[in-house]
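Written out below as structure tokens is the structure these notes cover.
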């Protein structure tokens, strides 16, 4: 073994603390011994059709115990599990399975019809495994039947450069598979361990001592993956929690049910919650308000941290969450992590109490992060110059099967390798950064560059606005006209001029929306990210633009 591997580390945890909780969903708990055993049977099935080192296995699954069992099974045979967005339509599913060269597909029963239609074009898939459902198509096998009918795969020697592939839907273009070596995922976790005073293990033989040391601190993680495991925030968090000997908890609902979430936190004594910005946290704090008003406040004392990444998490929403935590005697903190599928640790901000920093998009750079101009110069703090966020250290190898895009994103500057996925920022004199947004969705209006997220942040601070996407639409005068696609709060009457007027003084005139398009519900992907392609189509249709 050249470096530590997740499957080998998890097997060492299972051998050491077999009766401890590893997984829980909807009343079904799996101990570490059960987790390892069930994954072993699934791995036997994968190996039985010739799947092994260097192969890929697709996971088109909702949150649940089966998601992590499928990933563990793939890891065991040295294959790379790949996430699949369960909202994809047939053409998107066919593209991703083909692009990933998947040899096996774990899929939820609700996707059977879609996969049946595209299956003839996916001849490289050797095994289709259905999770749930009363009827299993003749071309697939049932998840539980497979576990019951297979011999477990033998444990093998594995490598630290085995892969976990995280497909990023992005905001433009086709999905790209980000290749994370196990050793780099583990390195991220080892840094967290060092932060709580636990010596990171350097070999499998040291795993039991690490688990015992974490237990002794009282900080054994029990992660509630509120956001989809197919998203990097919950996905990487789950890998880290299990490496530390903890547990991953999920809820059964296919859409966020905030009351169910808080009941699960209380019942399972979850220590952390993985979310994706306001789209998750707003319903969560609304549910906290309702429970408190009914005289039955949620017990938040087990929760140490709520972590978000990927989209905006506004300070007023954090303040509401922290207010409930303080009222209930919880030391809960909010950690707003500026990360992406292509890297972890660009920047972050921790909020531990109400009344702190009220600026939403301001972050502290991570220890391995920097801001560079497109020609490779570091942005001088306080210069107001715009640059792109970069992170070094343990980062992905690149995009699967795409050396051109890999070279564009993963670049060498100052003699080291950086991940630069395209987020723009400025650097203040004190070294803090202000996130502007992703260059791929920026709007060129009258020759000026406008970042949608900057305008979205200001609009979401208004009481009348529930959610918003800002896009550009064709305009004969400006080239592109800044357009806000807005979901408004029920019962609040507000005119377009009032919405735009509220931004004056906060934003330059060229950044103010030229059009307001109102929608009943703003569409987002399951991981809470903005779907700018949908927003552009919606805006153009509403404005009558071909």
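Laboratory data are not the source of any read-out in this text; all were calculated from the coordinates shown. None of the values given here were measured: they were computed from a predicted structure. A quick note on method: Cβ atoms are made from the backbone with ideal geometry, for glycine too, and the neighbour counts reach across all protein chains shown.
Which order, highest average first, do 482-495, 144-157, 37-50 follow once you tally other Cβ atoms within 10 Å for each residue and take the mean per peptide? Don't jump to the answer; show the numbers that get you there.
Working: 482-495: 16.6, 144-157: 14.6, 37-50: 20.9.
Top to bottom by mean Cβ count within 10 Å: 37-50, 482-495, 144-157.
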Notebook entry, point to check: Which angle from 0 to 90°, rounded to the nearest 10, does the C-alpha axis of helix 90-99 make with the longest principal axis of the chain?
Noted result: 60
Item checked: Length-normalised contact order of segment 6-254 in % [C-alpha pairs under 8 Å, at least 6 apart] -> 23
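Where does each of 512-518, 337-343 land if you order them by average Cβ count within 10 Å, highest first?
337-343, 512-518
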Next item on the list: Return, for the Cα atoms of segment 231-377, the radius of gyration and Dmax in Å, separated by a comma.
Entry: 16.0, 58
Next item on the list: Please report the relative contact order for segment 390-430, taking Cα pairs under 8 Å with a sequence separation of at least 6, and give it as a percent rounded to a whole number.
Entry: 40
Notebook entry, point to check: How would you order 118-124, 430-436, 270-276 from highest to lowest mean count of nearby Cβ atoms within 10 Å?
Noted result: 270-276, 430-436, 118-124
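So between residue 217 and residue 402, what do we pick up on full extension, going 0.36 nm a residue minus the alpha carbon distance?
That works out to 62.3 nm of additional length.
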Item checked: Rg to Rh, two decimals, where segment 361-437 supplies the alpha carbon set and Rh follows Kirkwood -> 0.98
Check: Out of every Cα pair in segment 66-183, what percent are spaced more than 26 Å from each other?
Finding: 21
Notebook entry, point to check: Given the Cα-Cα distance of residue 37 and residue 134 and 0.36 nm per residue of separation, how much length would full extension add, in nm?
Noted result: 32.5 nm
Checklist line | Estimated 222 nm signal from helices in the chain, with DSSP H stretches of n ≥ 4 weighted -39500 (n - 2.57), rounded to 500 | finding: -9500 deg cm²/dmol
Next item on the list: Convert 4 °C to kelvin, take the viscosity as 1.567 mPa s, use the Kirkwood radius over C-alpha pairs of the chain as Rh, and evaluate the Stokes-Einstein diffusion coefficient in µm²/s, rounded to a whole number.
Entry: 53
Notebook entry, point to check: So what's the gap between the Cα centers of segment 52-125 and segment 462-535, to the nearest angstrom?
Noted result: 36
Next item on the list: Nearest 5 is fine: what % of DSSP beta bridges in the chain come out antiparallel, could you say?
Entry: 55
Checklist line | Length-normalised contact order for segment 209-293 - Cα pairs under 8 Å, 6+ apart - percent | finding: 34
Next item on the list: Taking the chain as the reference, fit the longest principal axis to its C-alpha atoms, fit the long axis of helix 278-293 to the helix C-alpha atoms, and give the angle between the two in degrees, 0 to 90, nearest 10.
Entry: 90
Next item on the list: Measure nothing but the geometry: give the 0 to 90° angle between the long axis through the Cα atoms of 532-543 and the longest principal axis through the Cα atoms of the chain, rounded to 10°.
Entry: 40
